[in-house]
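Quick note: the coordinates plus some simple rules give every number you see, no bench work behind them. Model, not experiment: these values are computed from the prediction. So basically every Cβ, Gly included, is an ideal-geometry build from the backbone, and we count neighbours across all protein chains shown.
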Amino acid sequence: MHLSKISKGSRFENRDKRRKANVVLNTLIGIVVLLIIVIGSSLMLGGNDSEQASKDTNEETGSNQIENKEEKDKEQSSSKEDTESEQDSSNETDASTEDDENSEEPTEEEEQGEEVVTEGDPNSNVEEIVENPSWEPVGTSQAEPHVARYDKSSQDWAEMTKAMSSATGLSESDMTIWFLGNNGSPNDAVGTISSKDKSQNYRVQITWVENEGWKPVKVEKLKETETR
């Protein structure tokens, strides 16, 4: 009887120990599982944070690159505009300088002047009057001091005929000289001429230029031939 009780008590004691051991073991298993879950969650969240941080970094880098590119494009565009503006300004300055030089330096035509043609008095025999500052002396082989001679065989006569031809465009071979004489001073002369067929009639005033010969001064185109 006594042994039976002792055996029965031992079984209860062993069962109680196993139960406690099971509880402890289950608790440990639960703790391990919980730790696994916590660690796994931390790793997953950390990975997502890293990916998000990497994504944010990439986006920020891309944004910075775009901003830098835009800034660089703006700088290049501004530089190009400045260069073009400077070039335009330089071209305008050159053009202005050239215009100033052109305006300051009169051309040969301006220095010589333009031909001036005016209508004659309707009640006179003068159809029109021509004055041309570009007329030049015809040259001379005569020495100074010059004394005008009006005989047909003289050198003066030949040079005066040449001067009247150059002013009117009438050739000497087609020219009839109706009158050639003094025009009020020793160095001024006037001649009345026409073409051979009398279709062109002129009165020409000429003046002597020292060492250069006779120079046309005025041409009057006449309506009819004048013998004086």
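Just a few scattered comments:
- Pairs of Cα atoms nearer than 8 Å and 6+ residues apart set the relative contact order; for the range 113-222 it is 30 percent.
- Residues with amide H under 5 Å from that of Val217, placed H, sequence gap 5 or more: Gln205, Ile206, Thr207
- Sorting Ser134, Ser153, Ser165 by the number of Cβ atoms found within 10 Å of their own Cβ, with the fewest placed first, yields Ser153, Ser134, Ser165.
- Under 5 Å from the amide H of Glu128 lie the amide H atoms of Gly120, Lys221, each residue being 5 or more positions distant or on a separate chain, with H modelled from the backbone and absent for Pro and chain starts.
- Two-site label geometry, Glu212 and Gln142: point separation in nm, points 7 Å out along Cα→Cβ: 1.6 nm
- Length released on extending from Lys198 to Thr118, taking residue separation times 0.36 nm less the Cα-Cα span: 26.6 nm
- Kirkwood hydrodynamic radius of the range 113-222, Cα pairs, Å: 14.2 Å
- Going from the fewest other Cβ atoms within 10 Å to the most, the residues Val204, Val147, Val219 appear in the order Val147, Val219, Val204.
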